[in-house]
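A.B. asks: Dropping the structure in here first, questions after.
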Amino acid sequence: MPAVIHWFRRDLRLTDNSALHESVRSGAQVVPVYVLSTWKKAHDWTGPLRQQFLCGCLDSLAKNIEALGSRLIISAGKAVEELEKLVHETGAGAIHFNRDPDPFGKEVERQVEALCARLGIRCCGSKDVVLHEPGEVLTGGGQPYRVFTPYSKNWLALPKMRTLPRVTALGPAAMVDSLPLPTLAHWDLKLPEQAQLLAPGERAARERMKHFIVSGILAAYGTKRDLPAGQTTSSLSQDLRFGLISIRELYARCQAHAAEHPAAAGSVLTYTKELAWREFYMAILHHFPQVLEQDFNETLRQVDWPGTDEAFQAWAGARTGFPIVDAGMRQLLTTGLMHNRVRMIVAMFLTKDLHCHWMRGEQFFHQHLIDAEIGSNNGGWQWSAGTGADAAPYFRIQNPWTQTLRYDPAGEYIKHWLPELREVHAPRFCEAPRDGRPLAAGYPLPIVDHGVERERTLALFAAGKGR
Ligand SMILES: Cc1cc2nc3c(=O)[nH]c(=O)nc-3n(C[C@H](O)[C@H](O)[C@H](O)COP(=O)(O)OP(=O)(O)OC[C@H]3O[C@@H](n4cnc5c(N)ncnc54)[C@H](O)[C@@H]3O)c2cc1C
């Protein structure tokens, strides 16, 4: 029986992996491969933190595959060309992969499908990244949803796929050349000195998932998830992004927890709805791919965004003088992550206080986040700017000072990420400095007056709306 190629993409695990399961079920020798991109650091859409996390995940995957007596083949270049070479070298009769939800991934899949048709071999794409693909969750009239609540009701009610067992055999290693496992040098990137990365790989992600569920964080999620200090959320977004855990298993474990602990059921439902937001934004991206180039809300496409480069750089460099904003940006630059509430605050600040176009923030986040997900990131930015599907209305502008009072009143989050403010009395983080003096030597004064900029935003939207 000819070998089958398993093309790893954003599914870097052996447990509950749909396409890998199919590859093994075929009974053929499985040739596992990962194709590295070859762009260098001029690329604006990723950076060292995410690529380092990827390197760690590949390292761990390769070890897990070796433990089964096989070997992960690493190649670099255009996926379709690398896969064609591998088909010729191994005589494979099929290429298996898990389908990618984003437009770039789908374009590569079309090329691979055409390749398989040309070579006369099987092309097997599996559903794996989501519980429900965009075409499964439609209105009664077969149309895509534009707002979340009816989407989520439909999504929650649909039956969910069962989990699959961990793969325990892959057949002998294929005798073909492989590149070494990558390091950041492959992309000409270097880790920043302050970097603090989460542990990569399937085992570390599984530990995070278990910790989230058994330690009480899930049970308290409904009441605490908006507080950015300490761990109040699952911290699993990067693990879902790289497929270190399966969405099916995460969902099933949460439901099982709710069944065993009825008091946690409300929190589990709240958490499950967040998982639905992830798929809602993937569905928006699928049905309305133009969101990558323009506002979802067509009536707002003529709004001006006169933000300056200087303002953008202050935001990007965590030097705005708004402690909650700077703490969030510091967390991003250090870890490649940011708490969701703070993502909303910094995104609204960039768009509504500094008047920079949301696309600038979207690109910066995508470059720095280790959980960068095209749909969620675009959705989060358009939500914050007020231009997106089911977005915050543009006139509802969050005040960073009162947001701080509400979500970080003791300044724990701020002091953690801005240690230079450790000695400052926390209430001072909740209003612009009254005495006109900086909070600490070297820390900037607020670069704008929120009240003034709020009025300016309302005027800009009023002038551009429906223009
Ligand atoms: C401006 C902006 C940009 C964002 N960019 C991304 C991104 O690139 N990648 C990303 O995964 N999330 C993004 N989010 C959503 C959210 O902030 C993160 O998913 C969350 O902070 C990850 O932490 P967690 O795993 O602890 O989340 P939890 O609160 O534990 O949520 C569980 C899971 O649900 C999903 N989720 C939660 N909230 C959202 C949401 N609002 N939209 C979509 N999915 C959600 C994530 O997969 C997350 O892991 C963005 C939000 C905003 C406001």
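A.B. asks: For region 1-26, which positions are assigned to a loop (DSSP other than H, G, I, E, B) and either in contact with a Ser or Thr (Cβ under 7 Å, 6 or more places away or on another chain) or under 20 Å from Val129 (Cα atoms) (or both)?
C.D. replies: Residues satisfying the conditions are Ala3, Arg9, Arg10, Asp11, Leu12, Arg13, Leu14, Thr15, Asp16, Asn17.
A.B. asks: Moving to a separate point now. So Phe104 ticks every box in (1) at pLDDT 95 or above; (2) open to solvent by 20 Å² or more (accessible area, probe 1.4 Å) but one. Which box is left unticked?
C.D. replies: Condition (1) is where Phe104 drops out.
A.B. asks: Another one. Which residues, counting only those in region 327-341, are crowded, with 24+ Cβ neighbours inside 10 Å and either in contact with a Phe, Trp or Tyr (Cβ under 6 Å, 6 or more places away or on another chain) or of a type in the set (Val, Ile, Thr) (or both)?
C.D. replies: Passing the criteria: only Ala327.
A.B. asks: From the list Ser60, Ser26, Ser75, which one is hydroxyl-bearing (Ser, Thr, Tyr), farther than 17 Å from Gly243 by Cβ and modelled with pLDDT of 95 or more?
C.D. replies: Result: Ser75 is the single residue among Ser60, Ser26, Ser75 that is hydroxyl-bearing (Ser, Thr, Tyr), farther than 17 Å from Gly243 by Cβ and modelled with pLDDT of 95 or more.
Okay, residues lined up against (1) assigned by TED's automatic domain parsing to the domain that holds Gly77; (2) in a loop (DSSP other than H, G, I, E, B); (3) closer than 30 Å to Ala3 by Cα:
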position: Gly142; (1), (2), (3): no, yes, no
position: Leu156; (1), (2), (3): no, no, no
position: Leu181; (1), (2), (3): no, yes, yes
position: Ala185; (1), (2), (3): no, no, no
position: Leu191; (1), (2), (3): no, yes, no
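A.B. asks: Here is a follow-up. I'd like the residue in region 105-125 that is part of a helix (DSSP H, G or I) and in contact (Cβ under 8 Å) with a residue 60 or more places away in the chain and, out of all such residues, is farthest from Pro172 (Cα to Cα).
C.D. replies: Only one residue fits best here, namely Gly105.
A.B. asks: Still on this model: Are there any pairs, at least 6 apart or on different chains, whose C-beta atoms fall under 6 Å, with the first in region 273-287 and closer than 18 Å to Pro159 by Cα and the second among the small types (Gly, Ala, Ser) and within 8 Å of the ligand (Cβ to nearest atom), and if so, which?
C.D. replies: As it stands, the answer is Arg278/Ser376, since those pairs meet every condition given.
A.B. asks: Does region 435-449 contain any residue that is surrounded by fewer than 17 Cβ atoms within 10 Å (Cβ to Cβ) and under 29 Å from the mean Cα position of the chain (by Cα)?
C.D. replies: no
A.B. asks: Here's a follow-up. Only one of these is modelled with pLDDT of 95 or more, more than 21 Å from the chain's Cα centre (by Cα) and buried (at least 17 other Cβ atoms within 10 Å of the Cβ): Ile324, Ile284. Name it.
C.D. replies: When all the criteria are applied, what remains is Ile324.
A.B. asks: Out of region 345-398, which residues are in a loop (DSSP other than H, G, I, E, B), within 9 Å of the ligand (Cβ to nearest atom) and open to solvent by 10 Å² or more (accessible area, probe 1.4 Å)?
C.D. replies: The answer is Asp371, Glu373.
A.B. asks: With respect to Ile414, is the statement that it is assigned by TED's automatic domain parsing to the domain that holds Ile324, of a type in the set (Val, Ile, Thr) and assigned to a loop (DSSP other than H, G, I, E, B) true?
C.D. replies: Here the answer is no, as Ile414 does not meet what is asked.
A.B. asks: Can you give me the number of residues within region 57-95 that are more than 17 Å from the chain's Cα centre (by Cα), in a helix (DSSP H, G or I) and of a type outside the set (Ser, Thr, Tyr)?
C.D. replies: Looking only at that region, the number is 19.
A.B. asks: Restricting attention to region 420-434, which residues are more than 17 Å from Thr320 (Cβ to Cβ) and open to solvent by less than 60 Å² (accessible area, probe 1.4 Å)?
C.D. replies: Ala426
A.B. asks: Is there a residue in region 34-48 that is in a helix (DSSP H, G or I) and not assigned by TED's automatic domain parsing to the domain that holds Gly336?
C.D. replies: Yes, there is a match, as at least one residue in region 34-48 is in a helix (DSSP H, G or I) and not assigned by TED's automatic domain parsing to the domain that holds Gly336.
A.B. asks: For region 27-39, indicate whether the set of residues that are in contact with a Ser or Thr (Cβ under 9 Å, 6 or more places away or on another chain), within 22 Å of Phe104 (Cβ to Cβ) and loosely packed, with under 14 Cβ neighbours inside 10 Å is non-empty.
C.D. replies: Among the residues of region 27-39, at least one is in contact with a Ser or Thr (Cβ under 9 Å, 6 or more places away or on another chain), within 22 Å of Phe104 (Cβ to Cβ) and loosely packed, with under 14 Cβ neighbours inside 10 Å, which makes the answer yes.
A.B. asks: Consider Leu164 carefully, then state whether it is touching a residue at least 24 places away in the same chain (Cβ under 8 Å), closer than 21 Å to Val24 by Cβ and either of a type outside the set (Phe, Trp, Tyr) or part of a loop (DSSP other than H, G, I, E, B) (or both).
C.D. replies: Yes, satisfied.
A.B. asks: Go through (1) assigned by TED's automatic domain parsing to the domain that holds Leu227; (2) surrounded by 21 or more Cβ atoms within 10 Å (Cβ to Cβ) and name the single condition Trp277 misses.
C.D. replies: (2)
A.B. asks: Here's another thing I want to ask about it. Which pairs do you get when a residue that is over 21 Å from Arg428 (Cα atoms), found in region 389-416, comes within reach of a residue that is open to solvent by 10 Å² or more (accessible area, probe 1.4 Å) and modelled with pLDDT under 95, reach meaning Cβ atoms under 6 angstrom, with the pair 6+ apart or on two chains?
C.D. replies: Short answer, once both residue conditions are applied: none.
The values are calculated or read from the model by the stated rules, or taken from the named source; none is laboratory data. Keep in mind it's a predicted model, so treat the numbers as computed, not measured. Because the Cβ atoms are built from the backbone with ideal geometry, glycine has one as well, and the counts that use them run over all protein chains shown. In case anyone asks, the SASA skips ligands and DNA or RNA and just uses the protein heavy atoms, side chains included. Shrake-Rupley method; radii C 1.70, N 1.55, O 1.52, S 1.80 Å.
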